[in-house]
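The next block holds one structure in the form of structure tokens; read it before the comments.
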Amino acid sequence: MTAAPRRIASAATLAVAALVALPILSVAWTALSAGLGPQWVHLWATVLPDYVINTLLLSVWVSLGVAVIGVSTAWLVTMCRFPGSAVLRWALVLPLALPAYVVAFLYTDLLEYAGPVQAALRDAFEWRTRRDYWFPEIRSLGGAAFVMSMAFYPYVFLLARSAFLEQSHDAWEVSRTLGDSPLRAFRRVALPLAWPSVVVGIALAVMETVSDYGVVSFFSVPTLTNGLFNVWLVMGDRAAGAQIALLLLLFVMALVMVERRARARRAYFALSTRSRSAAPVTLRGWQAAAALAVCAVPVLLGFVWPVWRLAGLAVGYDGAAGPDFAAVVARSLGLAGAAAALTLVVGLGLAYAARLGLSRSARFAARIASFGYALPGAVLAIGVMIPFGAFDRVVGGTLRDQWGITTGLLLSGTVFALLSAYLVRFLTLSHGSLEAGLQRIRPSLDMAARTLGRGAAATLGRVHLPLLRGALVTAGLLVFVDVLKELPATLVLRPFDFETLATSVYTLASDERYGEAAAPALVLTLAGLIPAVLLSGLLGRRAGVAEPP
């Protein structure tokens, strides 16, 4: 291959990395150049410690929740057979289809003082006021941790189940031969072997927790993300908002470093490629009933009841959906489709550039380009607003002063700003999927195409794209659904009077208009079922090979 395609590929990779790094650099520059002004001192003396403490506590509680639920259910459906286990293997993934803020408003409607549960208790025991009885407060830190654990445990479940499927039967048999009980063998052998995958799942769940705005805002839990919105948008202090965003970004980067260090210190390898998976154990009696309860409760609380309640609210709402709802759906689908197409094009370009061969600096830049998914949506939104707002002020001011032309907002507050944020946020999904797809294509096909006189572009179009059809569809669907559900970045960057399904659900639920919020929430849930079913199917095919019948 000539040097020209490599130079072009390296230059394009550097440009994409610069685009991803721009929000980070913008936030860091604004935060550090402003210094610690009186507003920051006031925040530190009043609410900022609560933001940090609540963020840490919420992360710890969600970590424990998703670890316990995800690992226990993954182990039971992988290593045990009991009534309903075949259905639960794929049903345990379904809570991924529900956005966490949808689950939040549904449980609030159920468990708040005016909800049906407390109303039924007051009628049954003739209680008159709240002082007559105690009931857990759903709008609290504990309520937020419960909702997020129900929404995010599938991250741990998927990765832990995959790790359990890959484990050899030999290690399990040796442990049992040495006198370990099944529980002791799980604790001493199976769990340590699966720990690297479990840590990745926990890290993903905590990243979602830290970047969440819908649940903490709905439950009035002061976290760093909630504080960022209050300081930037409500108080109008850009410098202090950027400093909170930088603190939140450092929190996420520390989490990534801890996750990688935890995995690096526990690396395990199979010494034989002929090892077989551990044979499942058939449970009976009370053990089967207990396993069924442990695995069924997360599905019932995290998916079945919320969807049933959504359907009931949607059917029971006496108002018509009307043209506004149709416009919101069409606008959301169009925006998600455009973002998916954009990320596919850029992700394919990055993956193919790596296949052509990159310089050392370009390889480093490619790693930077894959960091966008770790950026919280609120930080990303602030990072996009800063340079786009500066561009609007400079260009708009120049045109107005020189030629008397009033331009208004050119970049900030436009669909272009939204698409830019989506590209940075979700590029990792498309790039990772397409890079894995390209790695499965034999290099000999490239050599054969070059022998026949095809250049790099022709080889991509005639050879690789037909073979990448499955990876393209999977990556496109994942990005499409994630864009539909994205809330913080959309709330900040959307144009004026521009509603999507996610913002409509959040706005209506915040106003306690649950009946109106049910229809868009149900559409979001149905769309979210696509990646959940895909993930269940992929793991099911893998289990069909790895697990004995």
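Which three semi-axes in whole Å describe the equivalent ellipsoid of the range 103-147, each the square root of 5 times a Cα gyration tensor eigenvalue, listed largest first?
Taking √(5λ) for each Cα gyration eigenvalue gives 21, 11, 6 Å.
Charges only on Cβ, +1 for Lys and Arg, -1 for Asp and Glu: so what's the dipole of the range 67-152 about the Cα centre, in debye to the nearest 20?
Roughly 220 debye, rounded to the nearest 20.
Over the Cα atoms of the range 1-123, how large are the radius of gyration and the largest Cα-Cα distance (Dmax), in Å?
24.9, 81
Assigning unit charges at the beta carbon (Lys, Arg +1; Asp, Glu -1) and nothing else, what dipole magnitude in debye, to the nearest 20, does the range 440-521 show about its Cα centre?
Charge dipole of the range 440-521: 960 debye, to the nearest 20.
Under 5 Å between amide H atoms, partner at least 5 residues away or on a different chain: which partners does C80 have, H built in plane at 1.01 Å?
Under 5 Å from the amide H of C80 lie the amide H atoms of V281, each far enough along the sequence or on another chain.
Taking 0.36 nm per residue of sequence separation and subtracting the Cα-Cα distance, how much length would be gained by fully extending the chain between R81 and V47, in nm to one decimal?
Taking 0.36 nm per residue and subtracting the Cα distance, the gain is 7.2 nm.
Rounded, prolate or oblate: pick one for the range 70-164, where a ≥ b ≥ c are the square roots of the eigenvalues of its C-alpha gyration tensor, a/c under 1.5 means rounded, and failing that, prolate if a/b is larger than b/c, else oblate.
prolate
Net charge around S211, counting only other residues with Cβ within less than 11 Å of its Cβ (Lys, Arg = +1; Asp, Glu = -1)?
That works out to -2.
Using packing as a proxy for protection, rank 460-467, 67-74, 128-135 so that the peptide with the highest average count of other Cβ atoms within 10 Å comes first.
In descending order of packing, they fall as 67-74, 460-467, 128-135.
Work out the charge dipole of the range 103-166 with +1 on the Cβ of Lys and Arg and -1 on the Cβ of Asp and Glu about the Cα centre, then indicate which of T108, S140, S162 is farthest towards its positive end.
Selected residue: S140.
We did not get these values from a lab; they are worked out from the coordinates using the rules stated. It should be emphasised that the depicted structure is a prediction, and the values quoted were computed from it without experimental measurement. Don't worry about glycine lacking a Cβ; one is built from the backbone with ideal geometry, like all the others, and counts go over all protein chains shown.
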